[in-house]
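Enquirer: Mind having a look at this structure? Questions to follow.
Readers should treat all values here as calculations from the given coordinates under stated rules, not as data from a laboratory. All values derive from a computational prediction rather than experimental measurement. Here the Cβ positions follow ideal geometry from the backbone for every residue, glycine too, while neighbour counts run over all protein chains shown.
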Amino acid sequence: MNADELRGHMDALLLSVLEGESLHGYAIIEELRERSGGELTVPTGTVYPALRRLESAGLLAGEWVTAGGRRRRTYRLTDAGRRALAGERSAWRSFTRTIGSVLDPLR
């Protein structure tokens, strides 16, 4: 899946991955790949700016942690991020229902 196909959905994907636990950037990328069965290979140049933007918007909280002698910035959902994720999920369900009714009218 290419970056153009993900446009407009990256925020929801990142919020969803961070719903259950705090993760650092590379772990987020790996989780996206794992959850998608290997279909999503998102470059760091896409993920890190999005994480910073979501943090600036108050949807994520980041903190520096040291693990194995390396400093890493980990991110977690804020309450505002949880509300935003709920809205993203609702919008996604509506979108897929609408597009599905056009693409597969006999279902």
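Enquirer: Relative to the longest principal Cα axis of the chain, at what angle does helix 25-35 sit, 0 to 90 degrees, rounded to 10?
Expert: 30
Enquirer: Would you mind ranking 28, 99 so that the residue whose beta carbon has the fewest other beta carbons within 10 Å leads the list?
Expert: Ascending Cβ contact count within 10 Å gives the list 99, 28.
Enquirer: Take each of the peptides 63-69, 17-23, average the number of other beta-carbon atoms within 10 Å over its residues, and list them starting from the highest.
Expert: In descending order of packing, they fall as 17-23, 63-69.
Enquirer: Charges at C-beta only: +1 for Lys and Arg, -1 for Asp and Glu. How large is the resulting dipole of the chain about its Cα centre, in Debye rounded to 20?
Expert: Once rounded to the nearest 20, the dipole reads 220 debye.
Enquirer: Given 62, 96, 37, which one lies farthest toward the positive end of the charge dipole of the chain, if we put +1 on the Cβ of every Lys and Arg and -1 on the Cβ of every Asp and Glu?
Expert: Of the listed residues, the answer is 62.
Enquirer: Pairs of Cα atoms under 8 Å, at least six residues apart: use those to get the relative contact order of the chain, whole percent.
Expert: The normalised contact order for the chain reaches 27 percent.
Enquirer: Would you compute, for the Cα atoms of the stretch 45-84, the largest minus smallest coordinate along each principal axis and list the three values in descending order, in whole Å?
Expert: 34, 23, 12
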